[in-house]
Amino acid sequence: MRIEYKHTEIAVKKKLGQNFLTDSNITRKIIALSGALSTDRILEIGPGFGALTKEISTLTPHFTAVEKDRALAAFICRQYPTVQMIEADVLDLDLEELAKEGPLRVLGNIPYSITTPILFKLLEARHSILSATLMMQHEVALRLTAKPSTKEYGILAVQLQSFCDVRYLFKVGRKVFKPQPNVDSAVISMTPKPESPVENALAYRQFVRTAFHQRRKTLLNNLRDSYDLSALTPETLKLRAEALKVEELIALFSQLHPLEEKERPAGKK
Ligand code: SAM
């Protein structure tokens, strides 16, 4: 499929998640709910044909955008010459470097196929961001904001909610995109918490992965090969990770010590 807009025609690239927003009420709502100010250092991910770019420009003409598609990057440079355009893969961006003069307000209708890597990249660079307001596949938005004991609650929800306040903002039906995707979308916001709830974020990430390794299994079954569980009560060990709130998982993590390599059962090193 080819799309033509303001004298620029492109062949739509499905693998770049190119579904362009056509409703300016939605872009206005995204910017309003993001809390973005004209003084913020804004980073837009995937401007495409500029649906959101146009709205951000009403706030401030000077901000940064990153776009992987060469033709679209050139389009944005022509239409919005004051925008600092980075033609690159967002996953290769050095966010700390971009934020060296102040934390970033991130905005974007992001490509569906790389939503999770983008979220983890933002999570890792959380000290460099004020907030991120992102449109994504509806089902992923539900997973990010899920509560315990629901089928959507898992590693993604726990990781994000441990370090950020995550809010589901609103649903966006598939009909407002061109070409129309097969799924609905939603807008979420994530705002890093001022204090990290754990000292070692990498070890915590590993713990969450291990605790949820087999969702239907108890903490005892998922954790016993990797951690010394002697500080936990038998009642706690009978629970499943999916039943615990984020704060309870953080508290649990603080009581555990990983087993030394030599203490782990064969095949679990
Ligand atoms: N913001 C526009 C809108 O709302 O209409 C376009 C959104 S479209 C869902 C996603 C955009 O991200 C496309 O312009 C696509 O080319 C761009 N994109 C895809 N993968 C990317 C990547 N890895 N890095 C940067 N931009 C990417």
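The values are calculated or read from the model by the stated rules, or taken from the named source; none is laboratory data. Nothing here was measured: the structure is a model prediction, and the numbers come from that model. All Cβ positions, glycine included, derive from the backbone under ideal geometry; neighbour counts span all protein chains shown. The accessibility values were calculated without ligands, DNA or RNA, using every heavy atom of the protein model including side chains. Shrake-Rupley method; radii C 1.70, N 1.55, O 1.52, S 1.80 Å.
Ignoring ligands, DNA and RNA, what percent of the 1.4 Å accessible area of region 45-198 is carbon and sulfur? Mind dumping the intermediate values first?
Working: 3380 of 6640 Å².
With neighbouring chains kept in place, the figure for region 45-198 is 51 percent.
Could you give P(r) for the chain, binned at 5 Å from zero, as whole percent values over all Cα-Cα pairs?
Spelled out bin by bin, the chain gives 1, 6, 12, 15, 16, 14, 10, 8, 7, 5, 3, 2, 0, 0 percent.
For K6 and K151 in one chain, what is 0.36 nm times their gap in residues minus the Cα-Cα distance, to one decimal in nm?
Taking K6 through K151 to full extension adds about 47.8 nm, to one decimal.
Based solely on its DSSP helices, what 222 nm [θ] is calculated for the chain when runs of n ≥ 4 H residues each add -39,500 (n - 2.57) and the sum is averaged over all residues, nearest 500 deg cm²/dmol?
Here the helix-only value at 222 nm equals -9000 deg cm²/dmol.
Just to be sure I understand the model, the point goes 7 Å from the Cα along the line to the Cβ. What's the resulting R264 to S24 distance in nm?
5.7 nm
Given the Cα-Cα distance of L239 and C77 and 0.36 nm per residue of separation, how much length would full extension add, in nm?
Working: separation 162, 0.36 × 162 = 58.32 nm, distance 5.43 nm.
The L239-C77 span can extend by a further 52.9 nm.
Sticking with the crude label model, points 7 Å out along Cα→Cβ, report the distance from V183 to E124 in nm, one decimal please.
According to this spin-label approximation, the distance is 2.3 nm.
Straight-line reach from K238: which aspartates and glutamates have Cα under 16 Å away, leaving out those fewer than 8 places along the same chain?
Counting by Cα, and skipping residues close in sequence, K238 has these aspartates and glutamates nearby: D225, D228, E248.
Of K15/K175; K147/K178; K15/K151; K14/K175; K6/K171, which sit over 26 Å apart, Cα to Cα?
K147/K178; K15/K151; K6/K171
Calculate, for the chain, the solvent-accessible area per residue in square angstrom, rolling a 1.4 angstrom probe over the heavy atoms of the protein chains.
That works out to 52 Å² per residue.
Taking the Cα atoms of region 3-151 alone, what are Rg (to one decimal) and Dmax (as a whole number) in Å?
According to the Cα coordinates of region 3-151, Rg and Dmax are 15.0, 51 Å.
Give the ranking of D92, D69, D225, D165 by solvent-accessible surface, highest area first, calculated with a 1.4 Å probe.
So, going from the largest accessible area down, we get D92, D165, D225, D69.
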